[in-house]
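Working notes for the structure below.
The values are calculated or read from the model by the stated rules, or taken from the named source; none is laboratory data. Small disclaimer: the values here were computed from a predicted structure and weren't measured. In this analysis, Cβ positions are derived from the backbone assuming ideal geometry, glycine residues included, and neighbour counts consider all displayed protein chains. Surface accessibility is based on the protein's heavy atoms, side chains included, excluding ligands, DNA and RNA. Shrake-Rupley method; radii C 1.70, N 1.55, O 1.52, S 1.80 Å.
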Amino acid sequence: MEQRKFKKPGGGFRQQAPKPKASSLVIGRQPIVEAINAGKAIERIFMLRGATGDIIPQIKQLADQYNIPINLVPVEKLNGLTSANHQGCVAITGKVSYLDLQDVISHVTEQGQTPLFLILDGITDVRNIGAIARSAVCCGAQAIIIPDRGIAALNEEAIKSSAGALERISICRVNSLLKAIDTLHLNGIKVIASEMEAETKLYDCQLQEPVAVIMGSEDKGVYPALRKASDTLFNIPMAGNFESFNVSVAAGIILYEAMKQRGA
């Protein structure tokens, strides 16, 4: 969520995330189970640390089945989300429905399309994610793969930044990007990663083939283990000696190059 600044008594500022709207919460154990089973998009579950009871294992099993992150938190966190009887569990609903990666791959190939996917690693600015999704839809990418942690929530601000593109492209949330790469490789999809120091130029990559592109955060780049698991590292040539492109701009350049190579 967007971080906002609030004045502290005596001067200075502190960072505080805005409280979720009541309408975006599912409160209580059984309501969470029912919401998941009904197919409601759940962004995250906050569970009391040390919570026990008959339904707790069921919630954990469903969360694992549908790749829903669970944050184990103190009671103060839950009380800060709602004044209702939360029974140690509060879920935040999402605006985006998440799909299984293998199901998406199968659907894309069955439609006779050549997979063009994006993998987002550590991108925490919702505006960047929104802009990336917009470029992805415009350039014909079929899916965006995200981890269940360490990435900005796909909330209303992200959807607004994407001009609705996040609701028009398949989003696959996985508990391990490395496992996702394994799945892509098993399906004949090459994985390439944007890396400033790489020798291969973007325009030398064979983007007309089935491919997934990893985009890393602007400050840390692509996680080393993901770079190692990639088939190719490439860079985007720049005319001037400047730090780098913004990640959403870089994604747009890469996607456009892929669209051009594919003859669109």
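Residues that are closer than 24 Å to ALA38 by Cβ and of a type in the set (D, E, K, R) within the range 72-96 comprise just one, LYS95. If you check SER162 against the conditions, is it buried (at least 21 other Cβ atoms within 10 Å of the Cβ) and free of Cβ contacts under 8 Å to residues at least 40 places away in the same chain? Here the answer is yes, as SER162 does meet what is asked. When every residue of the range 189-202 is checked against the conditions, none turns out to be in a loop (DSSP other than H, G, I, E, B), of a type in the set (Gly, Ala, Ser) and loosely packed, with under 15 Cβ neighbours inside 10 Å.
Could you look through the range 45-74, keep only residues that are touching a strand residue (DSSP E or B) at 6+ places or on another chain (Cβ under 6 Å) and among the β-branched types (Val, Ile, Thr), and pick out the one that is farthest from ALA152 (Cα to Cα)?
As a first pass, look at the range 45-74 and keep what is touching a strand residue (DSSP E or B) at 6+ places or on another chain (Cβ under 6 Å): 45-47, 49, 63, 67-73.
Next cut, among the β-branched types (Val, Ile, Thr) only: 45, 68, 70, 73.
Working: ILE45: 15, ILE68: 14, ILE70: 15, VAL73: 19 Å.
Selected residue: VAL73.
Would you tally the residues in the range 66-102 being part of a helix (DSSP H, G or I) and charged (D, E, K, R)? If you could, list the steps in order and put the result at the bottom.
Pass one, the range 66-102, residues part of a helix (DSSP H, G or I): 75-81, 101-102.
Keeping just the survivors that are charged (D, E, K, R) gives 76-77.
The qualifying residues number 2.
Might you let me know whether the range 5-13 holds any residue that is open to solvent by 70 Å² or more (accessible area, probe 1.4 Å) and at pLDDT 90 or above? Scanning the range 5-13 turns up no residue that is open to solvent by 70 Å² or more (accessible area, probe 1.4 Å) and at pLDDT 90 or above.
Comparison of ILE145, ILE253 shows that the only residue that is surrounded by 20 or more Cβ atoms within 10 Å (Cβ to Cβ) and not in a loop (DSSP other than H, G, I, E, B) is ILE145.
Out of (1) crowded, with 19+ Cβ neighbours inside 10 Å; (2) not in a loop (DSSP other than H, G, I, E, B), what's the single condition that is false for LEU154? With (1) crowded, with 19+ Cβ neighbours inside 10 Å; (2) not in a loop (DSSP other than H, G, I, E, B) applied to LEU154, the lone miss is (2).
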